[in-house]
Structure formats: C-alpha cells, structure tokens
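The values are calculated or read from the model by the stated rules, or taken from the named source; none is laboratory data. Keep in mind the model is a prediction, meaning the values are calculated, not measured. Positions of Cβ are generated from backbone atoms using ideal geometry, with glycine treated the same way; all protein chains shown enter the neighbour counts.
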Amino acid sequence: MKINYQETSRDLLTRIDIHEKYGSANIDQWTNDLLKPQAGMSILDVGCGAGKLCFLFNDYTKGGAKITGGDFSEELLDKAREKNKQLGTAIDFRFLDFNKPFKFADNTFDLCTSAFAIYYASNLDFTFGEAHRVLKPGGRLFVSGPLPENKKMFYDIIKEATNKPIPPMPGSSRFKGDIFNTISKIFAKTELHVFENSLTFPEVAPFMDYVRASLSEDRKLWTSMFNSHQEYEALIKKIEEVATRRFKRDGKLVMTKVVGGILATK
C-alpha cells in the first residue's frame, strides 16, 4: 500500500498544543511508564518531528541516554536542533527517510520508537525490518498511533455535516491489522497497549482549530469531501454548524483520543 503523505509542521504542532491544553491524560507519562528508558541506553526515534519524544527521554534519563532523532522534514529538524542548542542537550538530530535503508549498523540501539509517524511507511515489511536490524538482541521497538475507535466525535460530526462516509485513515485503519501483524511476524514478542485521552473543549473555536489542522494535515486523504480551497472552506462551515449545535446542547465538546502502543522485543 503506497502512502502519499507528508504532514506539515504547523498542523502537527497545532494538534500537539491542543492535546496538551485540553487533554485529561498525559501521553508522555504513559510512554515513560511503559518504556522506562534508562541512562546508558542507545535510543533511536524514527519520525522524530520537532524532537518531542527525544527531549522526553532525555529528561527522564537525566541526559544519560544516547539519543538519535531522525526525520524527513528539515523544517522540523531545524526546530529540534534549535531547541537542542537552547537546552544544551546532546541529542543527535539527523535526516532519516524511513522508506529507505536506515544509515546505522546492525545491532546499534536498545530502543527504537516512532510516535504517529512510521505507520505511513510505503512498505511495512521493509521499514520494520530496518527497525529490527538496527536493534540489539533483546532491544525493543515501540510504535504509537491511533486505533480505529480514535476521536469518534470528530468523525461523527463530519459525517453529520456531510452525509458521506469517512475515508480510510492510514494510521487508524492499519494499526491493529497490517502494522501489528507485520511487527508480530518480524519480532519475537509483540504486545498492544492502549492509551485514552479525553479532550474537553470549553468552546467551539479550539475544536475548529483542531478540525482545520487535521483536515489540512490529511488533505490528500479527504479528496472525497473537498479538492479546492473553496470546497474546503464550505466543509469547514458545515462542520462548525454541527459542532455549534452540539455545544449548545451539551455545554462542551468532548473528543476521546484512543491511541495504541505496539511494544515489540527483538
């Protein structure tokens, strides 16, 4: 399955900010509790973006882990390097295209992670094979992404606004099936962990900011609903009308993020 997808940095950072402002649970704490990264470990984060997970692990290990972050976006890598410089941390941020061979030797890392990124790989067998190759024996892979039941309210509002089915999302539609099965086939042991985070919006405006960031981020996946900017704005208006009706009825908008974490051992 070929995925033609590239997330914009602005949309990604908008959504991260909204999760932190309105969420009830902390995915960073969940991740650290699950993985417990240790000083002395060598860690690779694939699709690191602006370095969120890398800085999280660096803080948790008090700078004691050797951390490498790789991403396809030079714009996001620049943001990560700037923060790295400001904090005085020693994380190695470099270009990495997960559709091509990883430029690391076999058996290099204790932990390989990827948050909301690697599941867009064009060839899952190849990409997870590369992750397996660069991990040491007994090393762990951790991949997080949306499950099929993720942000049901968001999709319900769009369906009500358009009377059209939601197009398949490569993350949620592949996570429990193709991705879990591919990893299980390659790794010795594979587990699925679940994280839930309810985002409570006290007004319609921040929810619409999330809608815009999500639809813009995934614009190539929504072509059944809009193609031109005019069609996009018309869709946004319809969604806002439905969201406003729901807000007047309930006094709030609650969207639950349901995230899966696949933890595998080489």
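Quick look at the values:
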| quantity | calculated |
| --- | --- |
| Where a residue in the stretch 66-83 is at pLDDT below 95 and its partner, wherever it lies, is of a type in the set (Ser, Thr, Tyr) and in a helix (DSSP H, G or I), with Cβ under 6 Å and at least six apart | Glu75/Ser9; Leu76/Ser9 |
| Counted residues, the stretch 132-168 - those being under 29 Å from Glu231 (Cα atoms) and not in a strand (DSSP E or B) | 22 |
| Residue in the stretch 171-208 that is farthest from His132 (Cα to Cα), counting only those that are assigned to a helix (DSSP H, G or I) and touching a Ser or Thr at 6+ places or on another chain (Cβ under 6 Å) | Val204 |
| Where Leu192 falls short, out of the listed (1) within 28 Å of Thr31 (Cβ to Cβ); (2) buried (at least 17 other Cβ atoms within 10 Å of the Cβ); (3) touching a residue at least 40 places away in the same chain (Cβ under 8 Å) | (2) |
| Criterion: closer than 13 Å to Tyr155 by Cα and in contact with a Leu (Cβ under 8 Å, 6 or more places away or on another chain) - qualifying residue of Val259, Val242, Val254 | Val254 |
| Criterion: assigned to a helix (DSSP H, G or I), under 30 Å from Lys151 (Cβ atoms), touching a residue at least 60 places away in the same chain (Cβ under 8 Å) and in contact with a helix residue (DSSP H, G or I) (Cβ under 8 Å, 6 or more places away or on another chain) - qualifying residue of Leu53, Leu111, Leu44 | Leu53 |
| Counted residues, the stretch 42-87 - those being under 16 Å from the mean Cα position of the chain (by Cα) and among the polar types (S, T, N, Q) | 1 |
| Total residues in the stretch 184-218, condition under 14 Å from His19 (Cα atoms) and acidic (Asp, Glu) | 2 |
| Close pairs (6 angstrom Cβ cut-off, 6 or more residues apart or separate chains): at pLDDT below 90 in the stretch 12-25, surrounded by fewer than 16 Cβ atoms within 10 Å (Cβ to Cβ) anywhere | Ser24/Ser198 |
| Among residues of the stretch 153-181, those that are farther than 15 Å from Gly260 by Cα and not small (Gly, Ala, Ser), counted | 15 |
| The stretch 84-120 - residue that is surrounded by fewer than 17 Cβ atoms within 10 Å (Cβ to Cβ) and among the charged types (D, E, K, R) and, of those, nearest to Val134 (Cα to Cα) | Asp106 |
| Total residues in the stretch 155-166, condition buried (at least 22 other Cβ atoms within 10 Å of the Cβ) and either without any contact (Cβ under 8 Å) to a residue 12 or more places away in the chain or under 17 Å from the mean Cα position of the chain (by Cα) (or both) | 0 |
| Some residue of the stretch 114-122 being in a helix (DSSP H, G or I) and at pLDDT 95 or above | no |
| Checking Asp125 against (1) charged (D, E, K, R); (2) closer than 30 Å to Val242 by Cα; (3) in a helix (DSSP H, G or I); (4) within 21 Å of the chain's Cα centre (by Cα), the condition it does not meet | (2) |
| Test: residue in the stretch 206-222 that is farther than 20 Å from Ser122 by Cα and loosely packed, with under 14 Cβ neighbours inside 10 Å | no |
